[in-house]
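Okay, structure first, notes after.
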Amino acid sequence: MAALLEARALHAQYGWTKVLHGVDFAVEEGGITTILGANGAGKTTTLRAVCGMVRTSGEVRFDGRNIAGRATEAIVRLGIAHVPEGRGTFVNLTVEENLRLGAYGRSGQAGIAEDFEAVYRYFPVLASRKRQLAGTLSGGEQQMLAVARALMLRPRLLLLDEPSLGLAPMVVREIFRIVRTINRERRVSVLLVEQNASIALGIADNAYLMETGRMVQSGPAEQLRQNDAIRRAYLGY
Amino acid sequence: MEILVQQIVSGLATGGIYGSVALALVMIYQATDVVNYAQGEMAMFSTYLAWTMINAGLPYWVAFFGTLLVSFAGGVLIERVVIRPVEGKPILTIVIVCIGLLVIFNSLAGWIYSYIQKPFPSPFPERPIMLGVVVFGAHDLGAIGVTLIVLAFLYAFFRYTTLGLAMRAAAQNPASSRLCGIRVGWMLAIGWGLAAMVGAVAGMMVAPIVFLDPNMMAGILIYAFASATLGGFTSPGGAVVGGLIVGVLENIAGTYISFIGTELKLTVALAVILVVLVFKPSGLFGRAAVHRV
């Protein structure tokens, strides 16, 4: 399979603090790729670097084009939807307005109306709350809204940052099930960053392991799950 | 009784003008956390542009809408050229830049048009309007009407258009807005443009009452601060309601409290600011600001 997203020698820094030290990775078209790692390993920064939200050097290729150094809003319009850490909910807007904003970079009313129906089908709870302010939703519902908002872009690539954070296990399973469905039905490639290694390896096709700003291992998810060192350090059994 | 009703109506007319300027302040404050001290002077300068167009022989309403267009473009330009470089800088830096703008516009108007007061036409008939036994100035009623139309327009714009939605989003959560593909910088610039337009309307409505001169908005800006403080700096609707309350309060205090008269009217505005800040700093309709430190 061809790589939809490919990073080479990607460096990133906040002020003087270097966080990524030459990261290489690829996301295959149509697949789910996960980046695992401990707190502070640079997982979130990797996603932010893809979207031009931090100062970077190196190369990021999306669909063959180098997108490093472009403005975030321009990268998003290419079809990269980012569900940020903390969900990025517009708390003072209604659920429906949040979704409309997700489709902001698109034209074509018919396609947008179709996608409204599609996301309400994936997340029926959002349909029943569409006139409610998004800030009144529960954490799980806000995470669903964040994924739904990203889908409204009709993206080719979905970046998910810690979707399990702070949620009950049952809600987490539900969200991951829907992500898998979306990936299969809508052919959306996914790059998933997760601390919960066991659930991430459960749905991913490929996995990377990150430590202090570098990728230290990679391979098919199944293979990483069998790896003894990873099992002990990240899966806990 | 008739005097009271007349005072209330003319209070509502000037209050609508205070409210409009307050609304312009609030729009920029909500989007960027900046209080634009130059809002009044920008409005004054817009009014001079209208005066120039009218004097050049254009019909009033052509000049009116022409001024709105130029003001919008000017507001956008000011944000892009002057405010953009200090975006994200300490608040004092931005305040100083705004005060600089205030002084520049004031001097520029004085330099081009001189400091001599000029009459400014009202689009409404001079003949007073009788409703029952009470006589109203046509300009007062017209100014109230224009204020309401501006409000309705802005409400519809922010509520129902995608651009308006994107502007609200950009004000609330810039990072998330960028991830939706919104050009946040441009949304702020458009916000400045709209605020300049609202200010221009206020300037053109107040000029027939106070006469046009480079300092005409100085007092009105203080009333607008009182209005925005009273209504809450985080509430556009509140700013307008605050304006109407301040306008009426000022008139009634001036009429019925003998020592205030016309000389001490401005004190009413300052008293309102003080009382609100002491007892309810977030204003009547505002939300208390919560900052992570």
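Restricting A:Ser164, A:Ser107, A:Ser138 to those that are modelled with pLDDT under 95 and within 14 Å of chain B (Cβ to nearest Cβ) reduces the list to A:Ser107.
Residue selection: B:Met205 fails the criterion of being in a helix (DSSP H, G or I), within 19 Å of the chain's Cα centre (by Cα) and modelled with pLDDT of 95 or more.
For the stretch B:39-60, a tally of residues being over 22 Å from B:Ile245 (Cα atoms) and either under 12 Å from the mean Cα position of the chain (by Cα) or assigned to a helix (DSSP H, G or I) (or both) returns 15. Failed condition for B:Phe136, given (1) aromatic (Phe, Trp, Tyr); (2) closer than 28 Å to B:Leu77 by Cβ; (3) buried (at least 16 other Cβ atoms within 10 Å of the Cβ), with all others met? All conditions pass for B:Phe136, except number (2). Suppose we keep only residues that are more than 8 Å from chain B (Cβ to nearest Cβ) and in a helix (DSSP H, G or I) within the stretch A:80-104. Which one would you say is surrounded by the fewest Cβ atoms within 10 Å (Cβ to Cβ)? Once the filter is applied, the top-ranked residue is A:Glu96. Looking for something in contact with a Ser or Thr (Cβ under 6 Å, 6 or more places away or on another chain), farther than 18 Å from A:Thr46 by Cα and surrounded by fewer than 19 Cβ atoms within 10 Å (Cβ to Cβ) - is there at least one such residue anywhere in the stretch A:213-223? Checking the stretch A:213-223: not a single residue is in contact with a Ser or Thr (Cβ under 6 Å, 6 or more places away or on another chain), farther than 18 Å from A:Thr46 by Cα and surrounded by fewer than 19 Cβ atoms within 10 Å (Cβ to Cβ). Scanning the stretch B:1-43 for residues that are of a type in the set (Ser, Thr, Tyr) and farther than 18 Å from B:Gly203 by Cβ returns B:Ser10, B:Tyr29, B:Thr32. Could you tell me whether B:Ala63 is small (Gly, Ala, Ser), touching a residue at least 60 places away in the same chain (Cβ under 8 Å), part of a helix (DSSP H, G or I) and within 24 Å of B:Thr147 (Cβ to Cβ)? It is false that B:Ala63 is small (Gly, Ala, Ser), touching a residue at least 60 places away in the same chain (Cβ under 8 Å), part of a helix (DSSP H, G or I) and within 24 Å of B:Thr147 (Cβ to Cβ). Selection over the stretch A:126-183 of residues that are touching a Cys at 6+ places or on another chain (Cβ under 8 Å) and in a helix (DSSP H, G or I) gives a count of 1. Filtering the stretch A:32-59 to residues that are over 12 Å from A:Leu20 (Cα atoms) and charged (D, E, K, R) leaves only A:Glu59.
Residues are listed down the side, and each one gets a yes or a no for (1) surrounded by 18 or more Cβ atoms within 10 Å (Cβ to Cβ); (2) under 21 Å from B:Phe211 (Cβ atoms); (3) of a type in the set (Phe, Trp, Tyr); (4) under 14 Å from the mean Cα position of the chain (by Cα):
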{"residue": "B:Glu2", "(1), (2), (3), (4)": "no, no, no, no"}
{"residue": "B:Tyr18", "(1), (2), (3), (4)": "yes, yes, yes, yes"}
{"residue": "B:Tyr37", "(1), (2), (3), (4)": "yes, no, yes, yes"}
{"residue": "B:Ile83", "(1), (2), (3), (4)": "yes, no, no, no"}
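Against the test of being β-branched (Val, Ile, Thr), over 17 Å from the mean Cα position of the chain (by Cα), under 28 Å from A:Ala221 (Cβ atoms) and more than 14 Å from every other protein chain (Cβ to nearest Cβ), the options A:Thr34, A:Thr56 yield a single qualifying residue, A:Thr56. Name the residue that is surrounded by the most Cβ atoms within 10 Å (Cβ to Cβ), counting only residues in the stretch B:176-190 that are within 7 Å of chain A (Cβ to nearest Cβ) and part of a helix (DSSP H, G or I). Result: B:Leu179.
For the stretch A:59-79, enumerate the residues that are among the basic types (Lys, Arg) and within 14 Å of chain B (Cβ to nearest Cβ). A:Arg70, A:Arg77 - these are the residues of the stretch A:59-79 that are among the basic types (Lys, Arg) and within 14 Å of chain B (Cβ to nearest Cβ).
Quick grid of which residues meet (1) touching a strand residue (DSSP E or B) at 6+ places or on another chain (Cβ under 7 Å); (2) hydroxyl-bearing (Ser, Thr, Tyr); (3) under 21 Å from B:Ala171 (Cβ atoms):
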| residue | (1), (2), (3) |
| --- | --- |
| B:Val21 | no, no, yes |
| B:Asp33 | no, no, yes |
| B:Gln39 | no, no, yes |
| B:Thr52 | no, yes, no |
| B:Leu58 | no, no, no |
| B:Val62 | no, no, no |
| B:Gly66 | no, no, no |
| B:Gly75 | no, no, yes |
| B:Glu87 | no, no, yes |
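Taking each residue of the stretch B:210-234 that is in a helix (DSSP H, G or I) and looking for partners that are of a type in the set (Phe, Trp, Tyr) and surrounded by fewer than 24 Cβ atoms within 10 Å (Cβ to Cβ) with beta-carbon atoms closer than 8 Å, six or more apart or interchain, yields B:Leu221/B:Tyr37; B:Ala228/B:Tyr29; B:Gly231/B:Phe285. If I filter the stretch B:221-234 for residues that are out of contact with any Ser or Thr (no Cβ under 9 Å at 6 or more places or on another chain), more than 14 Å from every other protein chain (Cβ to nearest Cβ), surrounded by fewer than 24 Cβ atoms within 10 Å (Cβ to Cβ) and farther than 29 Å from B:Leu274 by Cβ, do I get at least one hit? Within the stretch B:221-234, none of the residues are out of contact with any Ser or Thr (no Cβ under 9 Å at 6 or more places or on another chain), more than 14 Å from every other protein chain (Cβ to nearest Cβ), surrounded by fewer than 24 Cβ atoms within 10 Å (Cβ to Cβ) and farther than 29 Å from B:Leu274 by Cβ.
The values are calculated or read from the model by the stated rules, or taken from the named source; none is laboratory data. Computed from a prediction, not measured in an experiment: that's the story for all the values here. Here the Cβ is made from the backbone with ideal geometry for all residues, glycine too, and neighbour counts use every protein chain on show.
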